[in-house]
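One structure below.
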Amino acid sequence: MTVDIVRYLTHPQVQIDPAVPVPQWSLSPVGRARTEAIANAPWLARTTQIICSGERKAIETAEIIADRLGLVIEIREAMHENDRSATGFLQPAEFEDVANRFFAEPHLGVRGWERAIDAQARIVGEAEAVLTRNRPGDVLFVGHGAVGTLLFCHIAGRPIDRVHDQPAGGGHVFAFAREGRQVLHGWRRMNDPVQPSSR
């Protein structure tokens, strides 16, 4: 029996530019090369839908894969990363401190950031809106680390906690079965060849 698999892929490395709004950052050469390397991966072969955030780095990631698979991406603006516009760009150490608080205090808008519970409700709503269409084949969501982690927590039935966050560097994927929403594996590097196939 074929099991339709849903995957959530985070964009890999980006070109960091403090002068450019974060949603407009593009993939770095390393991030682009990593994406190109997996575009023909066997574990993506049954993908029939590619859904992505409206942020540039997510669109670029999705388009590379879509071009190889002969698919057209669907952009859903509400799949964006947690809204951090209140602070704008933060230096790495400060960003990590605020991100830790974002996950640790999900009911608070830490320094004006979108609350984790609100970001989770948003990304879960977007995913469910797509999945309830019940189109055949595997689904690939392309997005971001924080909201991807919040989606994973929901699917896995875990409380919001940064312990479930993707490893550093971006470009990770988790997967679950569409039927029953059962997690098949947690975060893995997208370039890891060991991925479950549809069965």
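The values are calculated or read from the model by the stated rules, or taken from the named source; none is laboratory data. Computed from a prediction, not measured in an experiment: that's the story for all the values here. Counting neighbours? That spans all protein chains shown, and the Cβs are built from the backbone with ideal geometry, glycine included.
Inspect all residues belonging to the stretch 168-186 and state whether any of them is exposed (fewer than 14 other Cβ atoms within 10 Å of the Cβ), at pLDDT 95 or above, among the basic types (Lys, Arg) and not in a helix (DSSP H, G or I).
no
For residue 123, which of the numbered conditions (1) exposed (fewer than 13 other Cβ atoms within 10 Å of the Cβ); (2) closer than 28 Å to residue 2 by Cα; (3) touching a residue at least 12 places away in the same chain (Cβ under 8 Å) fails to hold?
Unmet for residue 123, out of (1) exposed (fewer than 13 other Cβ atoms within 10 Å of the Cβ); (2) closer than 28 Å to residue 2 by Cα; (3) touching a residue at least 12 places away in the same chain (Cβ under 8 Å): (1).
In the stretch 8-41, which residues are acidic (Asp, Glu) and at pLDDT below 95?
Residue satisfying the conditions is 17 alone.
Just to check your reading of the model, which residue among 122, 158, 133 is closer than 19 Å to residue 176 by Cα and at pLDDT below 95?
Sole residue among the options that is closer than 19 Å to residue 176 by Cα and at pLDDT below 95: 133.
Which of the following residues is surrounded by fewer than 21 Cβ atoms within 10 Å (Cβ to Cβ) and hydroxyl-bearing (Ser, Thr, Tyr): 132, 149?
Exactly one residue qualifies, and that residue is 132.
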